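Some notes on the structure that comes next.
The values are calculated or read from the model by the stated rules, or taken from the named source; none is laboratory data. All figures in this text were calculated on a predicted structure; none of them were measured in a lab. Neighbour counts run over all protein chains shown; Cβ positions are idealised from the backbone, glycine included. All accessible areas refer to the heavy atoms of the entire protein, side chains included, with ligands and DNA or RNA removed. Shrake-Rupley method; radii C 1.70, N 1.55, O 1.52, S 1.80 Å.
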Amino acid sequence: MLHYFGYFAAIFIGLSLGIMGGGGSILTVPVLVYLMGVSPVLSTAYSLFVVGSTSVVGASGYFRKRLVSLRTAIVFLLPSLAAVFLVRKVLMPAIPHVLFTMGSIVFTKDLLVLVAFAVLMVVAATSMIRSKQAVEVLGEELHHKHTFNYPLILTIGLVVGTLTGFVGAGGGFLIIPALVLGARLPMKLAVGTSLAIIALNSLIGFTGDLSAGTPIAWPFLLGFLAFALGGIVLGTYLARFIPGAKLKPAFGWFTLAMGTFILTKELLFHHA
């Protein structure tokens, strides 16, 4: 029965991406773990594929409208792609299954991934709840005052690549402010460029799993992706009538609740 809710949630993930242009992908790992019964570490690999594929669809629309800055994307991706591939290919397989024991809690690799992901959800939720207006205004001011901030873009690229590789999330909540403030991109151009970066980051990270020999249940994964893509198509249509900016804070509160739930469940009720 939970599987049916999981496929419905996949549609919801796609819907949120289509309407808001981002954010929904952060629910992919929790849906795969708690509704579809996939292990946390394998869920991060599946999430990379789903997030990457859905972001390709989203980015293609922006690319056709010339709202993707290739120069900025290349600078960002130089450290990011290297980081995400090495994390999936080398770091994740090297982490032992059992890390340590603290009282009744056995801190495993799966638990580490879930806790890290829940913390990321809380941070991302805070970013969604806060108004982006200040970032936009400051970005417009910097657009007229400063040059392209290469160190900032390269540093954020490295951080995002590492996070993407470890938890299987796109990291748009970090990428967009970096592009607005560091590359002086207008918000629409930052969103399109962010989707292109997320698409490449996620799919390259997934190739790291493939080269590391991670077993992939392709029929299941492609079926889950199909529901998410269906949601994106519907969400893109509904975006004409529903203002995504007004939905983002509400979605942020929902993400915050989910992150808090995961932290509480895994740390307080996760016993040996």
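Got a sec? What order do T207, T72 fall in by accessible area at 1.4 Å, biggest, i.e. largest, first?
The ordering from most to least exposed comes out as T207, T72.
Non-local amide H neighbours of L99 (under 5 Å, H modeled in plane, Pro and chain starts lacking H): which ones?
For L99, the qualifying residues are F107, T108, K109.
Determine the per residue accessible area of the chain with all protein chains present and a 1.4 angstrom probe, expressed in square angstrom.
Accessible area per residue, the chain: 47 Å².
Going by alpha carbons, how many degrees (0 to 90, nearest 10) lie between the helix axis of 244-268 and the longest principal axis of the chain?
30
Please list, ordered by chain and number, the residues whose modelled amide H lies under 5 Å from the amide H of V38; skip anything fewer than 5 residues away on the same chain.
Amide H neighbours of V38: V33.
For segment 38-43, in order, what is each residue's ³J(HN,Hα) by Karplus, 6.51 cos²θ - 1.76 cosθ + 1.60 with θ = phi - 60°, in whole Hz (x at glycine and Pro)?
Along segment 38-43, the couplings run 8, 5, x, 5, 5, 4 Hz.
Rounded if a/c is under 1.5, else prolate if a/b beats b/c, else oblate: with a ≥ b ≥ c from the C-alpha gyration tensor eigenvalues square-rooted, which is segment 1-91?
Oblate is the answer for segment 1-91, as a/c is 1.5 or above yet b/c matches or exceeds a/b.
Build a GNM of the chain with springs between Cα atoms under 10 Å: which of T108, T236, T162 gets the top mean-square fluctuation?
So, out of T108, T236, T162, the one fluctuating most is T108.
Across the chain, how many lysine pairs, 8 or more apart or on two chains, come within less than 29 Å at their alpha-carbon atoms?
15
Could you sort F269, F100 by accessible area so the largest value comes first, with the probe set to 1.4 Å?
F269, F100
Compute the acute angle (0 to 90°) between the alpha-carbon long axis of helix 187-211 and the principal axis of greatest extent of the alpha-carbon atoms of the chain; round to the nearest 10°.
Tilt of helix 187-211: around 30 degrees.
Starting from the Kirkwood Rh over alpha-carbon pairs, what translational D in µm² s⁻¹ does segment 149-272 have by Stokes-Einstein at 4 °C and 1.567 mPa s?
It diffuses with D of about 75 µm²/s by this estimate.
Once Rh is set to the Kirkwood radius over Cα pairs, what Stokes-Einstein translational diffusion coefficient, in µm²/s, holds for segment 178-242 at a temperature of 10 °C and a viscosity of 1.306 mPa s?
Numbers: Rh = 14.5 Å.
Using the Kirkwood radius from Cα pairs, D works out to 109 µm²/s.
Might you report the magnitude of the Cβ-based charge dipole of the chain about its Cα centre, with Lys and Arg at +1 and Asp and Glu at -1, to the nearest 20 debye?
640
Work out, in µm²/s and without decimals, the Stokes-Einstein translational diffusion coefficient of segment 1-271 at 37 °C, 0.692 mPa s, Rh from Kirkwood over C-alpha pairs.
For these conditions, the coefficient is 176 µm²/s.
Quick one: pull the percent of accessible area on the chain belonging to carbon and sulfur, 1.4 Å probe, ligands and nucleic acids left out.
Within the chain, the accessible surface is 74 percent carbon and sulfur.
Could you work out the longest stretch of the chain that avoids the trypsin sites (Lys or Arg not before Pro) located in DSSP loops with at most 11 other Cβ atoms within 10 Å?
67-239
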